[in-house]
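> I am attaching a structure below and will ask some questions about it afterwards.
The values are calculated or read from the model by the stated rules, or taken from the named source; none is laboratory data. On a predicted model such as this, the values are computed, not experimentally measured, just so you know. Ideal geometry is used to build each Cβ from the backbone, glycine not excepted, and the neighbour counts take in all protein chains shown. Surface accessibility is based on the protein's heavy atoms, side chains included, excluding ligands, DNA and RNA. Shrake-Rupley method; radii C 1.70, N 1.55, O 1.52, S 1.80 Å.
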Amino acid sequence: MPDSSLTDFWVKGYERLVKRGWFSSLTVLAYSERSDVLAVDGGGGRILLVNLQTLEALEPKKLESGIRNLCFADSGQLFAGLDNGSVVSLSAQGLQLLSAKVSRKAITSVLWSADYGLLVAAEDRRLRRLAPEILEEISTSEKLRWVGHDLELLEPDQQLIAAGSDNNLHLVDPQLLAPLLVIHAGTARQTHNSSGHGHLVAAAQDGTVTILNAGTHSQRSVLPIANDELAGVQISDREPALFLADQQGVVQEWDLRTLEPISALQVDGNTKALTVSGSGDVLAVCTDHSVQVFLRASQLTELACYQQELARRQSLLSVIEQFFRRLLGRPLPALPPPPELPSALAQAALNTDPQIREIERTTSEALVQAYRGIAATARQVDWKAVGKAIDQQQRHQLEAQRLELRRLREERLSKALEEAQRRRLFRQQQLEARELAIRKEKAAQRSKKFWEGVGRLVGNMASSAASSAATGTWVNSYTRRDGTRVRGYRRR
């Protein structure tokens, strides 16, 4: 991850537009880092699988019901929770392996764990453990007072956290599936959870993000990120970076150690879901009817420098130079390993127009500067006192602080978002002008080929007529002496 003092940005490497009808809406994303496969829920039981190494897209057979959530196992196996209470297992190639009916009501969350198997929450207010290989129930909880909407395992003790419909975060025994205690009480329903690097992050329906200590469950800070419900929250595995996506199309990256924004991205359309690779270098976002995959610009720069240096060392002059350096006892230093990025996706991102990359960079800088002001204001709030006020049911103080921070966010982000929209419009105009020029060039080539073909046809007809006049007469049909009727050409 780059230094937090520097503003990084993201470069689009892949985009797929989904037409209305076949895919009704894109709502769920999952990423398998082992096989670099992106799974997208298309509504109505449709799934789209995109291989980021080759950019090939697969559309497996439609499932029996609508999909609520997706998750990958370490082996690359894909699990889907359906509206009809079933859990389906699919291969990385989209082949349906198993299907099991586990509830009469919709599945609200599925989570794979190497230690506990497949953890499932449903609207019937029960939690279940399934064997991933056969999808059979290992254990089932008693009927709870709340519905679990999102499941998360905390590090390193593998504690199970469930976001309940009662606006609370519950600590649950992952073995017995028994609720132990409430670790966080909020004013709005918790919609997304994520954990990593000693932190638990919970996003509420009112747009606030609460950061808790994963060991003590104490509240560290609250980020007033969005006015509405967030579309996705995730922490990368290798670096303590928090990724957030609001429904207005703004994707943010925050450093969990300093609570400072690192990068930001303005996507086209309203964001519906977000997923990030474990390294934090591949970011996938889906809107209503499109899937967009981005790569970190700093990693692309390192990859481009590596490819240039490798090509230089393989040239003839470099080989001669290396030979003489070895004679003098000063060989070239070894090349550092290149960044681990999906090959086809990285190549597509490297071919992005420099003007578009500059637009993305300046847009990211403007958004990051705006969010840094919001973060500075949020750090001045006494969140421990806010927690006590919640316990004493004096929530009007918290609402006043949230309204003030929301007003501050709207003021500081309005100009940045206007600039981003203007740059997006400029980029769209550039793309349309480029496509128009390409269409005109293709039309001119087709017209040229057409008239060349017409000329060859007229020449062939003229030569055929001259040949017929010299050697014979063309008739439609004639009768031979033996009485048979012949169609075609007759010599003189």
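> Looking at the stretch 175-228, which of the residues that are among the hydroxyl-bearing types (Ser, Thr, Tyr) and modelled with pLDDT of 85 or more is farthest from Gln158 (Cα to Cα)?
Just the residues of the stretch 175-228 that are among the hydroxyl-bearing types (Ser, Thr, Tyr), to begin with: 187, 191, 194-195, 208, 210, 216, 218, 221.
Imposing the further condition that a residue be modelled with pLDDT of 85 or more reduces the set to 194-195, 210.
Values: Ser194: 13, Ser195: 11, Thr210: 20 Å.
Residue satisfying both the conditions and the ranking: Thr210.
> Condition test on Leu259, is it modelled with pLDDT under 85, farther than 19 Å from Leu17 by Cα, in contact with a strand residue (DSSP E or B) (Cβ under 7 Å, 6 or more places away or on another chain) and of a type outside the set (S, T, N, Q)? Spell out how you get there, then give the answer.
Values: modelled with pLDDT under 85: yes; farther than 19 Å from Leu17 by Cα: yes; in contact with a strand residue (DSSP E or B) (Cβ under 7 Å, 6 or more places away or on another chain): yes; of a type outside the set (S, T, N, Q): yes.
Taking the combined requirement at face value, the residue satisfies it.
> Kindly list, by first and then second residue, each pair from a residue in the stretch 101-119 that is on the phi > 0 side of the Ramachandran plot to a residue that is assigned to a strand (DSSP E or B) and among the small types (Gly, Ala, Ser), limited to pairs with Cβ atoms under 8 Å and residues at least 6 apart or on different chains.
Final answer for the pair search is none.
> Here's another thing I want to ask about it. Just to be sure I understand the filter: pairs with C-beta atoms under 6 Å, separated by 6 or more residues or on different chains, first member in the stretch 327-355 and touching a residue at least 40 places away in the same chain (Cβ under 8 Å) and of a type outside the set (Asp, Glu), second member part of a loop (DSSP other than H, G, I, E, B) and open to solvent by less than 40 Å² (accessible area, probe 1.4 Å). Which pairs pass?
Correct list of pairs: Pro342/Asp36; Pro342/Leu52; Leu345/Leu52.
> Out of Gln234, Gln175, Gln205, Gln219, which single residue is open to solvent by 50 Å² or more (accessible area, probe 1.4 Å) and under 26 Å from the mean Cα position of the chain (by Cα)? Full working, then the answer.
Numbers: Gln234 fails: open to solvent by 50 Å² or more (accessible area, probe 1.4 Å); Gln175 fails: under 26 Å from the mean Cα position of the chain (by Cα); Gln219 fails: under 26 Å from the mean Cα position of the chain (by Cα).
Every option except Gln205 fails the conditions.
> Also, quick follow-up: Are any of the residues in the stretch 438-460 open to solvent by 100 Å² or more (accessible area, probe 1.4 Å), of a type in the set (Asp, Glu) and either touching a helix residue (DSSP H, G or I) at 6+ places or on another chain (Cβ under 9 Å) or modelled with pLDDT under 85 (or both)?
Within the stretch 438-460, not a single residue is open to solvent by 100 Å² or more (accessible area, probe 1.4 Å), of a type in the set (Asp, Glu) and either touching a helix residue (DSSP H, G or I) at 6+ places or on another chain (Cβ under 9 Å) or modelled with pLDDT under 85 (or both).
> Could you list, in sequence order, the residues of the stretch 258-274 that are touching a residue at least 40 places away in the same chain (Cβ under 8 Å) and open to solvent by 10 Å² or more (accessible area, probe 1.4 Å)? So that I can check it myself, show each step before the final result.
Here is the first cut: in the stretch 258-274, the residues touching a residue at least 40 places away in the same chain (Cβ under 8 Å) are 258-266, 268, 271-274.
The answer is Thr258, Leu259, Glu260, Gln266, Asp268, Lys272, Leu274.
> Now, a different point. Please name all residue pairs, on different chains or six or more residues apart, with Cβ atoms under 9 Å, provided the first residue is in the stretch 7-25 and is outside any strand (DSSP E or B) and the second residue is polar (S, T, N, Q) and modelled with pLDDT under 70.
Val18/Ser25
> Any residue at all in the stretch 370-388 that's basic (Lys, Arg), in a helix (DSSP H, G or I), within 30 Å of Thr54 (Cβ to Cβ) and modelled with pLDDT of 75 or more?
From the stretch 370-388, those basic (Lys, Arg) are 372, 379, 384, 388; that's our starting set.
Next cut, in a helix (DSSP H, G or I) only: 372, 379, 384, 388.
Now drop any that are not within 30 Å of Thr54 (Cβ to Cβ), which leaves none.
Checked the stretch 370-388: no residue is basic (Lys, Arg), in a helix (DSSP H, G or I), within 30 Å of Thr54 (Cβ to Cβ) and modelled with pLDDT of 75 or more.
> When Arg257 is evaluated against the numbered criteria (1) over 26 Å from His289 (Cα atoms); (2) assigned to a strand (DSSP E or B); (3) of a type outside the set (A, V, I, L, M, F, W, C), which criterion, by number, is the only one it fails?
Answer for Arg257: the failing condition is (2).
> In addition: For the stretch 155-192, give me the residue count where each residue is touching a Phe, Trp or Tyr at 6+ places or on another chain (Cβ under 8 Å), of a type in the set (S, T, N, Q) and farther than 22 Å from Leu230 by Cβ.
2
> If you check Leu405 against the conditions, is it in a helix (DSSP H, G or I), under 20 Å from Leu244 (Cβ atoms), at pLDDT 70 or above and of a type outside the set (S, T, N, Q)? Explain how you work it out, then say what you get.
Values: in a helix (DSSP H, G or I): yes; under 20 Å from Leu244 (Cβ atoms): yes; at pLDDT 70 or above: no; of a type outside the set (S, T, N, Q): yes.
In short, no.
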